[in-house]
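This report concerns only the one structure given below.
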């Protein structure tokens, strides 16, 4: 498969994720969007390794990092949601504007 | 080659379609498993580019991750089973426009950029290459990841828990939860 | 062609072993020889009408119920029967791991989709248990792979020509057996299907659904036992008999041990199991990996 095909898939996954992040009100659904965006990144990383620079493992390491980041993002996201829910009984992004400038 | 092309586009279609389904379905269980299907389909495309280890690693990680996610999805949604019709979105039109613009921009970039030709060939065992890399020249990456995981574990527990170390199981209980 | 034959042989072997496990289980439960009981039960379930709950999520239930035996069979594809596996993948150990975490999905989906309290409680219990057993399980698999210097199951078998891994990695082997029990929610780790929640996950399943679930559970136990053979017990190695028969003998031995243990040990609550795994099993198996690493170096 060509590099372009893989990158198109990555772009489609990333944009779907962007839609989710922008449109969803629930914090957990926003995190689903983030996961989809990272999914696109993973696909692109693997494709670049195979099609551009397979001699060293940088593309593979990038995928490894992205997979870990997805897990960490989820853990921190749910921890923040839990803290917010305990403190204020809220589960929507619109209610959490504390850091608004 | 044609079998590979068919496999790739089938997996790609499944990945994108279930990615869209995540935001269409009302049931949180279905949304989580749609996301899982999307992640697994994307992971399986790696079998077409010799990355067996990473492909299976993605399966392991994502199945576990999405199942934990399902717990929180159900916990923090007002309408987890989607049995009552309600909308949980804001500014849908703007989001669709921006997402489409992002896709068009990326797709144009993907199709028009003169990508560099491949340097070298994939090694016979990419898993070995990855292992040697993260235990050699790229070890710093793994060390940083390790510290980040530890920091996340501590920070997430501190944020999420409402108890300290001396009241793990409430009053009148020892640390294993037995009544005293 | 050869692969098709191997796949059919694998399916037949799994079916016979799982039925055998069910018969042994029934005999232990009844306290007499009750080999026919599972077959009678299977026939009864086949003709039983489905019971419906209010507003079930039927597609998810189907995925969950059929997923349970499916992941078990797929996980078994990398296990050598005698000399050759159906699919001898270069990263077979990771494949095995990837398929068996599918059990998490299957159980939670069944628990969720029938829209009933006790199955949902069972599903959540299994997720908690999964968090407890999965890490020690992975480390046990890794110590076998590390001892062989390869993720290919055939290489792991070849590395045990001199000495079985079960002998010089006893901790990893013990941890593997415990996690095998937990993976198949069997015996002491059966809280997900415990009698205190009216049977837990499969409580609302009836008829053929229940049959598939039970068959899947016994298949899973069989596959978990069968994986111990190439990973820790030298695969098909043994005197006089051909490799396939040694594989079979060892698998039956491990399977019988697990089924028997299920009847001898009391159930552990998964929160206590969690404390035990994270505070005892994970450090123990990490030390085991350190020892293996030093020996291999």
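Just so you know, all these numbers are worked out from the coordinates, no wet-lab data involved. Everything numeric here is computed off the predicted structure, so don't read it as measured data. Here Cβ is always computed from backbone atoms with ideal geometry, including for glycine, and neighbour counts include all displayed protein chains.
A few notes on this one:
- Whole-Å distance, taken between Cα centres, linking region A:55-93 and region C:28-43: 49 Å
- Counting all C-alpha pairs of the protein assembly as shown, share separated by more than 45 Å (%): 16 percent
- Estimated FRET transfer efficiency when R0 is 30 angstrom, pair residue B:7-residue B:119 (beta carbons, to 0.05): 0.70
- Full extension of the chain segment joining residue C:35 with residue C:260 gains 79.5 nm, where the gain is 0.36 nm per residue of separation less the Cα-Cα distance.
- Relative contact order, percent, chain A [alpha-carbon distance under 8 Å, six or more residues apart]: 27 percent
- Separation of region C:108-173 from region C:55-74 is 21 Å, based on Cα centroids.
- CD proxy at 222 nm, helix term only [per DSSP H run n ≥ 4: -39500 (n - 2.57); per residue of chain C; nearest 500]: -23000 deg cm²/dmol
- Counting Cβ atoms of other protein chains within 10 Å of each Cβ in A:39-51 and taking the mean gives 6.
- Residues residue B:75 and residue C:167, FRET efficiency given R0 of 41 Å [Cβ-Cβ distance, rounded to 0.05]: 0.35
- Remark: relative contact order (region B:1-82) = 34 percent; criterion is Cα-Cα distance under 8 angstrom and separation of 6 or more residues.
- With a 10 Å cut-off around each Cβ of B:28-34, the average count of Cβ atoms from other chains is 5.
- Distance cut-off 19 Å, percentage of C-alpha pairs in region A:3-90 lying past it: 47 percent
- Rounded, prolate or oblate (a/c below 1.5 giving rounded, otherwise prolate when a/b exceeds b/c) for region C:220-297 by Cα gyration tensor: oblate
- Relative contact order (percent, whole number), region C:2-296, Cα cutoff 8 Å, 6+ residue spacing: 26 percent
- Alpha carbon Rg of chain B, scaled by the compact-globule rule 2.2 N^0.38 Å: 1.41
- Kirkwood Rh (inverse of mean 1/r, distinct Cα pairs), region B:63-132, angstrom: 17.7 Å
- Cα shape, region C:6-140, gyration tensor, a/c 1.5 rule: oblate
- When chain B is treated as a GNM with alpha-carbon contacts under 10 Å, the residue of B:100, B:55, B:18 showing the greatest mean-square fluctuation is B:100.
- For chain C: Kirkwood Rh in Å [reciprocal of mean 1/r, alpha carbons]: 19.4 Å
- As a rough guide to protection, the peptides C:57-70, C:134-147 ranked by mean Cβ packing within 10 Å, highest first, stand as C:134-147, C:57-70.
- Region B:110-164 and region B:30-82: distance between their alpha carbon centers, rounded to Å: 19 Å
- Across peptide A:25-38, the mean count of Cβ atoms from other chains lying within 10 Å of each residue's own Cβ comes to 6.
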